[in-house]
Structure formats: C-alpha cells, structure tokens
Amino acid sequence: MHSIPGRRVIMALFLIFLLLPIYWLVNMSFKTNSEIVSTMTLWPHTPTLQHYKRIFTDESWYSGYINSLEYVVLNTIISITVALPAAYAFSRYRFLGDKHLFFWLLSNRMAPAAVYALPFFNLYSAIGLFDTPWAVALAHCIFNVPLAVWILEGFVSGVPREIDETAFLDGYSFPRFFVKILIPLIASGIGVAAFFCFMFSWVELLLARTLTSVQAKPIAAIMTRTVSAAGMDWGLLAAAGVLTIIPGALVIWFVRNYIARGFALGRV
Amino acid sequence: MDKTINQKAWFLVLPVFLVVAFSAVIPLMTVVNYSMQDTFGNNQFFWNGVGWFKELLDPSTDLGGRFLASLGRNLFFSLVILAIEVPLGIVIALSMPREGWTVAACLVILALPLLIPWNVVGTIWQIFGRPDIGLLGYTLNSLGINYNYVSNEIDAWVTVIVMDVWHWTSLVALLCYAGLKSIPDAYYQAAQIDGASRWAVFTAIQLPKMNRVLLIAVLLRFMDSFMIYTEPFVVTGGGPGNSTTFVSIELVKIALGQFDLGKAAALSLVYNLIILIVCWVFYTVMTNAGVERKTQAEKEPAAELKPAGALQPAHALQPKEGVA
C-alpha cells in the first residue's frame, strides 16, 4: 500500500533516465571513431572491438587497471583488518572517550579529499611512499576505515552477547574466539564492508591522482590524461569507462539490499 | 543490553586510531603550519600569522573574492540539489514495485549510478551532452534549443545539476525505500479502516516514519555536494570562466596548480571547519536515531536481530556471495 498513482510510469521513466547515458557510453565504445564523429547513430552500425583490444594489449592502458586494483585491494584488506576489532569494541564496551572517537572518525569520513591532497603529497613524498600503491591505499583509509567500523559495528551488534560469554566460559582465548566464532558469524557483514571499501576506493580519483605519477598511475588518471590530449579518441575513452563500471555492476546483485546501509554509514 | 565499561577496549580500537591518525592528524598539522606562513619557494617560509585568514574572509582581495564566490556557488548548488533530489527520491521510493522480481531489478538499476567511478560519471555526461556526438546535446540542438555546456554558463550549470541528480537521486530513493519498508502493515490497515486518503496516509504515516532516513539523506547529500570535485571538473573543468568552480575545485587550483601553500592551507581549514559543524549535526542526529533504535529493540525483542530499517536480516546474504 506504500505506492502512488502512476507509479509504474514514474519508475519506468526514471529507470530510462538512469540507463540512457550508460547505454550511450556502451554504444560509443563499440563504434569506430569515424562513425562517432561523422554520423549520429543510435546503435553501432559497424560494431568493432578495436577499442577494447587496444586497452587489453597496450600496457599504458591495462597497467592502469592493475594499479587501481592493487591499491584498492590493499586498502580493503587494511581497512577490514583494523576495523574488525574496533567494531567489536564499539559494539560491546564503553570506554574513555568512545563517543569522541566515534565523532572524530565520522569527521574524517566527511572531510573533503581536496583538503588532504596537498599534505598527503608532502607526507608520502617525505616517507618515500609517493607513487606506490601503498600511498593511495593508506590515504584512502581516511574514509574507508571509519566506514568499515560502522558497517561492521552494526553486524557485530546483531550477534547476541550470550555467544561471547559462552565461548569465554568454554575457555576460548580472545583471539581464538574472534577468529573461530565471531568472524564466521559476521561473514556476510565482512563481505558487505569489504564491498563498500572496495567501491569507495575504486570511485575516488583526486587522491589517487595526486599521490601517483608514473609507476602506480590509476586508470582514472590515465583516462583524464586522454581527455585533455588533442585529437580525442572518444571510442577508447568510452571503452575505458565501460571497463571501470564492470566491477560494480558484477557484484551489485549480491549487495542490492545493503546499498542504502553502506552509503548511510551503516545507520539505516 | 547495556554496554559494560572496559578501558581495555582501547587496545582493540588502537589500530584504527593509529591508521586514521597517521592519515588525518599529521596532514592536518602540516595544514595548520602552512596556513600561518608564506613562502617564496626554495622551502623558505616566513611567518604570516592570521594574514591569510584575514584575506580569505575579505571579499575585496583576490583570494577572498575567489573563495567567497566559490562558496556561494557551492551553497547554491547544494540547495538546488537538495530541492530536486529529496522530493524526487521520495516519489521514486513510493513508486517502487510491491513485490516480485521487479523489486530486485529496480534496486539493481537504481544502485548502478552509485557504483560508477566519479570521473567516469563525468565522462558519461561529457559524452552524452556534447552537441556533436552526444545523444542529449544532439537531440536538444536538433529541436532548435541552442545547448552547449562548454560555452554557455546556464547550460553548464544545468548539465552539472542534471548529472548530480542522475548520480545521487538513487541514494535518497534507496534510503527512503528502506524507511518505508520498516512501516508495519498494521498501520496501513488502520488507515484503510479509517478511510484515510492516499495523501493522508503519506503525511500522517509515511512521512513521519521516513523522518530519520530523510534527515540522514539530506545531510549526506549536503556533505557530498558541498565537497563535489571530480564530476564537474571532468565535465566543465570549472568553466566556462569560473561559473562552475566549486570550493574543492578552487582549493585544488590554489594548492596543486599554483602551489600557494599558505593560501590553500588557510582555505582548507575554513572549509574543514564548515564541514565539521555539519558533521556535528549529522552525528547528533545519528546518535539520537541510535537511541531510538535501542528503545524500539527493547519494546520488541524479536526486532533486535534486524537493525531498524534494514532491508533484510543479515543471513539473507550468503557469505560466499558477500566476499565476491
């Protein structure tokens, strides 16, 4: 009963609005450059895979994807590892300054990346991490660690406290309880948190671009370089764009019920 | 379920504290340091006290003029975004199908724009809006509307706003949908017995129940649109002229373009302060919501497994799928 008249039409129109620009990108990636520039066609008349072929064979292109994946995976692992114990602590205990710490984490999640771009550049240059995946992975922790803490805290709170108590009575040490009992119980939560860490690290450009120059250049930065170059290769740009959408599109089905939760910091 | 007081919990929080402190406190200290100094290159710094801050807040200087103009543009942008996305999001949430496979299909398509890298969102709209090769630009121009986001300020604004609506309305819709799902059927049955109109159901039941998620949605959208950088940067590069230069774009220009460390640092601090204030509001709302959640959970113990408003209990997602 929570619906309004004409809902099917509204929904259909909105979904078309969402899909049309994406369709255009996909459409463009299968066209030849001469077709893109010379004619306006609603679907590729001479479909071609040349742009995708170029990306998968040209090292300056595919290395961008590998670099991106490298720091994204590193960041996800770091974030989840440090966030797990903290999520447990926030869920189970009260301790000195817990509320302030929580707020401090939130304020970092919300801090504009532009503010940190320059100091990060100096910091990571000073400790010799500039232009490595580690620099970007650590920089992205600033927003991903708080996020992971929140999402996991929600899931840990869903585990009844009696389980902890029983395990400790049975003689489990804390680390053993953590690995053998708690982690399997909140495995789906870890999956969701990992997904969001992956996603937010994957979509971020400003920090990733600022902290890398040659060796660890992410795909996003390689794309912007192509945009500014004279004589634009639209088909190639579109193909590269399509390839960056794929990781999200692949796992979206499994996390569809958690999207709102992840974006609202586990608070919905 | 009162939490026990245990100071040893700090050991569990310590890793998080160290990682975030490394990425947040040290850089912030450098920012504070720079904001008080001036440099003529060669790593020679001069004490400048609060000079940059004075300049920043004085519209007659170059720095102050640029900052305040971009701040004004950014606030206007955020307000327009909220005015469009929140009502539209509610309408979309109310238009969700009731059951069946279409629910999942709609959720997946709605979520799609949220998971696209931000610069690719910019690229998509750049391509989509171009008058020569984009479907939107081409159609508008052949309809006789002279549309060109590269040279016309209004067109650039419209493009950036439509792009943001495209990108983020789904988030508002998904949050509202989560709120709507948590309304028990009994409420609707009672309304039906009372012969309430659709509008009455909306204002008396649905809107109050969505209150909390709506607040979170508004704050999230405000924050994100207030620090928007990548999408407009890719589409318009801040132009034409300075017409779509938002605070983040201005900041990056000063910091990484001109390497004006002092000015950039002062701007960063003021910018951060604004964010911090909004954050505090957000935190208060969230904590109050948490209290509400707890009292609800106490009332009905069965609801404890499901945090209020969660779309499905945690076990609905199989571990294997989650890791994928």
request  = Sort out which residues of region A:184-219 are more than 10 Å from chain B (Cβ to nearest Cβ) and charged (D, E, K, R), and write them in order of number.
outcome  = A:K217
query = Considering region B:255-279 alone, what residues qualify as being over 30 Å from B:A217 (Cα atoms), without any contact (Cβ under 8 Å) to a residue 60 or more places away in the chain and assigned to a helix (DSSP H, G or I)?
reply = B:A255, B:L256, B:G257
note = Residues of region A:71-104 being buried (at least 18 other Cβ atoms within 10 Å of the Cβ), closer than 30 Å to A:A221 by Cβ and not hydroxyl-bearing (S, T, Y), in sequence order, are A:V72, A:L74, A:N75, A:I78, A:I80, A:V82, A:A83
ask   = Since B:V235 meets every condition but one in (1) at the interface with chain A (Cβ under 8 Å from one of its Cβ atoms); (2) over 22 Å from A:M110 (Cα atoms); (3) of a type outside the set (S, T, N, Q), which condition does it not meet?
value = (1)
query = (1) at the interface with chain A (Cβ under 7 Å from one of its Cβ atoms); (2) surrounded by 17 or more Cβ atoms within 10 Å (Cβ to Cβ): which one isn't true of B:V108, the others all being true?
reply = (2)
key: Output for region B:207-217, where each listed residue is modelled with pLDDT of 85 or more and crowded, with 18+ Cβ neighbours inside 10 Å   = B:L214, B:A217
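Tell me, yes or no, whether region A:173-183 has at least one residue that is under 24 Å from the mean Cα position of the chain (by Cα) and more than 8 Å from every other protein chain (Cβ to nearest Cβ).
From region A:173-183, those under 24 Å from the mean Cα position of the chain (by Cα) are A:183; that's our starting set.
If we keep only those that are more than 8 Å from every other protein chain (Cβ to nearest Cβ) too, we end up with A:183.
Yes; the residues of region A:173-183 include at least one that is under 24 Å from the mean Cα position of the chain (by Cα) and more than 8 Å from every other protein chain (Cβ to nearest Cβ).
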request  = Please find, within region B:151-168, the residue that is nearest to the other protein chains (Cβ to nearest Cβ) out of those that are surrounded by fewer than 18 Cβ atoms within 10 Å (Cβ to Cβ) and within 13 Å of B:P131 (Cα to Cα).
outcome  = B:S151
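Residue-wise test of (1) at the interface with another protein chain (Cβ under 8 Å from one of its Cβ atoms); (2) under 20 Å from the mean Cα position of the chain (by Cα); (3) at negative phi.
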position	(1), (2), (3)
A:L96	yes, no, yes
A:A114	yes, yes, yes
A:Y124	no, no, yes
A:L129	no, no, yes
A:A135	no, yes, yes
A:A139	yes, yes, yes
A:N144	no, yes, yes
Among the candidates B:A204, B:A178, residue that is surrounded by fewer than 17 Cβ atoms within 10 Å (Cβ to Cβ) and either more than 8 Å from chain A (Cβ to nearest Cβ) or assigned to a helix (DSSP H, G or I) (or both) = B:A204
inquiry  = If I ask for residues that are more than 8 Å from chain A (Cβ to nearest Cβ) and surrounded by fewer than 16 Cβ atoms within 10 Å (Cβ to Cβ), which ones from region B:186-201 would you list?
reply    = B:A186, B:Q189, B:A190, B:I193, B:D194, B:G195, B:S197, B:W199, B:A200
Considering residues of region A:1-58 that are charged (D, E, K, R) and within 12 Å of chain B (Cβ to nearest Cβ) only, the residue nearest to the chain's Cα centre (by Cα) = A:K31
request  = Enumerate the helices (runs of 4 or more DSSP H) found wholly within region A:166-248, keeping only those where 2 or more residues are among the small types (G, A, S).
outcome  = A:187-203, A:219-228
ask   = All but one of (1) more than 7 Å from chain A (Cβ to nearest Cβ); (2) in a helix (DSSP H, G or I); (3) farther than 30 Å from A:N257 by Cβ hold for B:I127; which doesn't?
value = (1)
message = Out of the helices (runs of 4 or more DSSP H) lying entirely within region B:1-100, which hold 3 or more residues that are touching a Cys at 6+ places or on another chain (Cβ under 8 Å)?
response = B:9-35, B:62-94
ask   = Can you pull out the residues in region B:187-238 that are free of Cβ contacts under 8 Å to residues at least 40 places away in the same chain, over 30 Å from B:D155 (Cβ atoms) and in contact with a Lys or Arg (Cβ under 9 Å, 6 or more places away or on another chain)?
value = B:Y187
note = Only one of (1) modelled with pLDDT of 85 or more; (2) not in a helix (DSSP H, G or I) does not apply to B:F222, and that is (2)
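The values are calculated or read from the model by the stated rules, or taken from the named source; none is laboratory data. Keep in mind that this is a model prediction, so the values were computed, not measured. So basically every Cβ, Gly included, is an ideal-geometry build from the backbone, and we count neighbours across all protein chains shown.
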